[in-house]
Amino acid sequence: MKSLNLKTAGPFLLLTFIYFIVGFLTTVNGQCQGPLKIAFLSEATTMRNSLTTLISFAFFLGYLLNSSRTGRMLNLIGYKRTLIRSLIVMVEGLVFYTASAFCAEYAGDAGIVFNGDFVPFGYFVFLIGSFLMGTAAAMLQVVINPYIAAYPLPGTSAVQRMNFTCAVNSFGTTIAPLFVTGIMFAGVPLDSVTASQLTLPFILMTLCIVVTTMTTRRLALPDIEGTRTATNSNTPASSGEKAKSVWSFRNLKYGVITIFFYVGTEVSIGNNINLHAMELAAGGAALSPALLATIYWGGFLIGRMMSASMKNVKPRPMLITVTLGAIALMTAAMLTENLWLLAAVGLFHSVMWSCVFTLAVDGLGEYTSRASGVFMMGVFGGAVFPVLQGMLADWIGSWQFTWIIALVCEFVLLWYGIRGYRK
């Protein structure tokens, strides 16, 4: 990517920074699964893995319930006002995270018995915070994705801009696992983790997002012409033609289905690889859950930075190529139970998001803002597949062959690249 003119690229850089925050806090939420499994669910036995993966389920439920609504909001009030509201919801989510730590510290004995397992109230407070954080992440991505794809930054293509912004997002996801283990839990052995250790880090993160929100309110964020309809109605602004449903665009419709499966496999590996590592470590294997997660998300950073420099690469052949690589590597990792190979899949996953989004909104014009909200509903796959995998792990008593679920998702991505994408 060519050097950026700060005046021209100001809005682009602002949204890229906010996308970094989204990546960082999304991964913090997921990486809290392992520690909170100890801190909140130490007395759970029969449904421990299932309850743990519900943290991700609550997060991505926010995408399903609020993405389409945010698309309509964006179409009505514009990019900047929707962005501010999204950041406010993120602050609310962090407040609930902090409240869960207080509940654990001062009311840890209060809770309910579910299917024979004791579950403290602090766990449910954290789930509410996770839902709000997922809602905020969904809202922010509904704003950022179409803005970045359409932003007229000289000398760049849409997929190149998307990959650059996603690379910065990946930097946040890469450092988040180390932040969780090295700062939030300060090197404490996993079996000694307490939820009260969350309090100070979450207070500091809340203050950071408050400052970001206040700063964003003061900065200019010009609208992008041709990506929103003139009113909140379904009628195109440019003519008197009959309005189309965004679902009438084949590439968008199947793009939503594809991103559902993509985020399912992405999050399953990113969040559950540490739970698999914990299982193997209990059997004597020398594995670091935080290092595995860092390698996985670091692959996203490397792959996206490389692809951001490739201006003339087309998204469709890129999607097919990286999906074939992911299928081969994931199959080998599952059969050999080699989690280092599984972590390396992040390199192939790195560009899938930008490829699918670019293809899904290709040619949508003034329907793009509403289509972005519909597209983000597909991210709910990140709630479904990790939980299914956790339930399967509880049922068969091992994580090894549960990765077949993530492998099926890869084949859906391959199908979209070969046959699903057609306008």
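Summary of values
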| read-out | value |
| --- | --- |
| Filtered residues of the stretch 207-224 (kept if assigned to a helix (DSSP H, G or I) and open to solvent by 20 Å² or more (accessible area, probe 1.4 Å)) | Leu207, Cys208, Val210, Val211, Met214, Thr215, Arg217, Arg218 |
| Qualifying residues in the stretch 235-257 (those that are among the aromatic types (Phe, Trp, Tyr) and either under 23 Å from the mean Cα position of the chain (by Cα) or open to solvent by 40 Å² or more (accessible area, probe 1.4 Å) (or both)) - the one modelled with the highest pLDDT | Tyr254 |
| Residue in the stretch 388-395 that is closer than 22 Å to Gly299 by Cβ and either in contact (Cβ under 8 Å) with a residue 12 or more places away in the chain or surrounded by 24 or more Cβ atoms within 10 Å (Cβ to Cβ) (or both) present | yes |
| Criterion (open to solvent by less than 40 Å² (accessible area, probe 1.4 Å), touching a helix residue (DSSP H, G or I) at 6+ places or on another chain (Cβ under 9 Å) and either modelled with pLDDT of 90 or more or in a loop (DSSP other than H, G, I, E, B) (or both)) met by exactly one of Ile55, Ile84, Ile88 | Ile84 |
| Candidates Ala281, Ala277, filtered to the one that is more than 13 Å from Ala406 (Cα to Cα), touching a Pro at 6+ places or on another chain (Cβ under 8 Å) and modelled with pLDDT of 85 or more | Ala277 |
| Members of the stretch 164-189 that are open to solvent by 50 Å² or more (accessible area, probe 1.4 Å) and either in contact with an Asp or Glu (Cβ under 7 Å, 6 or more places away or on another chain) or not in a helix (DSSP H, G or I) (or both) | Ala186, Gly187, Val188, Pro189 |
| Residues being open to solvent by 10 Å² or more (accessible area, probe 1.4 Å) and either more than 21 Å from the chain's Cα centre (by Cα) or under 21 Å from Phe348 (Cα atoms) (or both) - total across the stretch 370-379 | 0 |
| Count of residues meeting criterion [touching a Gly at 6+ places or on another chain (Cβ under 8 Å) and at positive phi] in the stretch 329-365 | 1 |
| Test: residue in the stretch 26-46 that is modelled with pLDDT of 70 or more, open to solvent by 30 Å² or more (accessible area, probe 1.4 Å) and within 30 Å of Ala308 (Cα to Cα) | yes |
| Counted residues, the stretch 310-340 - those being of a type in the set (Val, Ile, Thr) and either under 15 Å from Gln160 (Cβ atoms) or touching a Lys or Arg at 6+ places or on another chain (Cβ under 6 Å) (or both) | 1 |
| The stretch 401-423 - residue that is modelled with pLDDT under 90 and in a helix (DSSP H, G or I) and, of those, most open to solvent (accessible area, probe 1.4 Å) | Arg419 |
| Criterion: among the aromatic types (Phe, Trp, Tyr) and open to solvent by 60 Å² or more (accessible area, probe 1.4 Å) - qualifying residue of Trp353, Trp340 | Trp340 |
| Answer from Val361, Val345 - the residue that is open to solvent by 10 Å² or more (accessible area, probe 1.4 Å) and touching a Phe, Trp or Tyr at 6+ places or on another chain (Cβ under 8 Å) | Val361 |
| Cross-chain or 6+ apart pairs with Cβ under 9 Å, the stretch 80-92 first and without any contact (Cβ under 8 Å) to a residue 12 or more places away in the chain, then assigned to a helix (DSSP H, G or I) and of a type outside the set (Val, Ile, Thr) | Arg81/Met73; Arg81/Leu74 |
| Residue in the stretch 315-328 that is without any contact (Cβ under 8 Å) to a residue 40 or more places away in the chain, among the hydrophobic types (A, V, I, L, M, F, W, C) and in contact with a Phe, Trp or Tyr (Cβ under 7 Å, 6 or more places away or on another chain) present | yes |
| Matching entry among Val125, Val119 (being in contact (Cβ under 8 Å) with a residue 12 or more places away in the chain, surrounded by 17 or more Cβ atoms within 10 Å (Cβ to Cβ), closer than 17 Å to Phe40 by Cβ and touching a Cys at 6+ places or on another chain (Cβ under 9 Å)) | Val125 |
| Residue that is without any contact (Cβ under 8 Å) to a residue 12 or more places away in the chain, open to solvent by 30 Å² or more (accessible area, probe 1.4 Å) and of a type in the set (Gly, Ala, Ser), where the choices are Ala150, Ala110, Ala158 | Ala110 |
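Rundown of residues vs (1) assigned to a loop (DSSP other than H, G, I, E, B); (2) polar (S, T, N, Q); (3) touching a Cys at 6+ places or on another chain (Cβ under 6 Å); (4) at pLDDT 90 or above, yes/no style:
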site: Ala290; (1), (2), (3), (4): no, no, no, no
site: Ala333; (1), (2), (3), (4): no, no, no, yes
site: Phe348; (1), (2), (3), (4): no, no, no, yes
site: Thr368; (1), (2), (3), (4): no, yes, no, no
site: Ala383; (1), (2), (3), (4): no, no, no, no
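The values are calculated or read from the model by the stated rules, or taken from the named source; none is laboratory data. The model shown is predicted, which means the values in this text are computed figures rather than measured ones. No Cβ is skipped: glycine too gets one built from the backbone with ideal geometry, and neighbour counts run over all protein chains shown. Each accessible area value is taken on the protein alone, full model and side chains, heavy atoms only, with ligands, DNA and RNA left out. Shrake-Rupley method; radii C 1.70, N 1.55, O 1.52, S 1.80 Å.
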